[in-house]
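Take a look at the structure set out below.
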Amino acid sequence: MNARDEKQMIPYYGGCHCGRVRFEVLAPSPLSVSECNCSVCTASGHLGLIVPKNRFTLQSGQDDLTEYTFNTGTAKHLFCKHCGIKSFYVPRSHPDGISVNARCLDAGATDDMEIIRFDGQHWEENYPEGRADAYPD
Ligand SMILES: [Zn+2]
């Protein structure tokens, strides 16, 4: 049995600050998240829990979300138009997936988590194919 098999997949819950946007995400315990140094992740304090779309369920707030895009426009930065918090978005590295901000998970979820640094300032060099070819474990 390797380390990957020992990780158990459990549901986590989170959302925006005002509570209109709420979601459930299935992810391993303990969590492994990505801390990216690109302009937008740094500014927003995003800690990326990146999952395939089928492990993410938006429970409420679809109509409260608004979108911001820049550069290639691939990433869809979704934030609550009431409280301004980006609790999840569609990342450029995984345009068919979701990057949840682990900081927006309910209390306790991030007590024990592994943070992996990603050099998003040199995005093209890290993803020469234009996207990631797999999801993190
Ligand atoms: Zn909100």
Taking θ as phi - 60°, what are the ³J(HN,Hα) couplings along segment 29-42 by the Karplus curve (6.51, -1.76, 1.60), each to the nearest whole Hz, with x for Gly and Pro? 10, x, 6, 10, 10, 10, 9, 9, 9, 6, 4, 7, 5, 5
Rg/Rg_ref, segment 2-66, where Rg_ref = 2.2 N^0.38 Å and atoms are Cα: 1.27
Hz values of 3J(HN,Hα) by residue in segment 130-135 - Karplus curve (6.51, -1.76, 1.60), Gly and Pro given as x: x, 6, 7, 9, 7, 9
Restricting to lysines 8 or more places apart or on different chains, can you count the pairs in the chain with Cα atoms under 20 Å from each other? 4
I want to make sure I understand the PRE zone here: with the label point 7 angstrom from the Cα of ARG131 toward its beta carbon, which residues in segment 22-45 have backbone N atoms less than 15 Å away? none
Would you calculate, for the chain, the mean residue ellipticity at 222 nm contributed by helices, counting each DSSP H stretch of 4 or more residues as -39,500 (n - 2.57) and dividing by all residues, to the nearest 500? -2000 deg cm²/dmol
Of every Cα-Cα pair in the chain, the percent that sits beyond 26 Å: 19 percent
Please give me, ordered by residue number, the GluC sites (Glu not before Pro) of segment 85-137 that lie in loop per DSSP and have at most 13 other Cβ atoms within 10 Å. GLU129
Amide H proximity to PHE118 below 5 Å, modelled H, separation 5+ or other chain, gives GLU35, CYS36, ASN37
Which whole-number percentage describes the relative contact order of the chain, with Cα contacts under 8 Å and a sequence gap of 6 or more? 28 percent
Treating only the Cβ of Lys, Arg, Asp and Glu as charged (+1, +1, -1, -1), what charge dipole size does the chain show about its Cα centre? Round to the nearest 20 debye. 460 debye
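Rule-based calculations on the coordinates, nothing more; no lab input. Here the structure is a predicted model, which means the values were calculated and not measured. Here the Cβ is made from the backbone with ideal geometry for all residues, glycine too, and neighbour counts use every protein chain on show.
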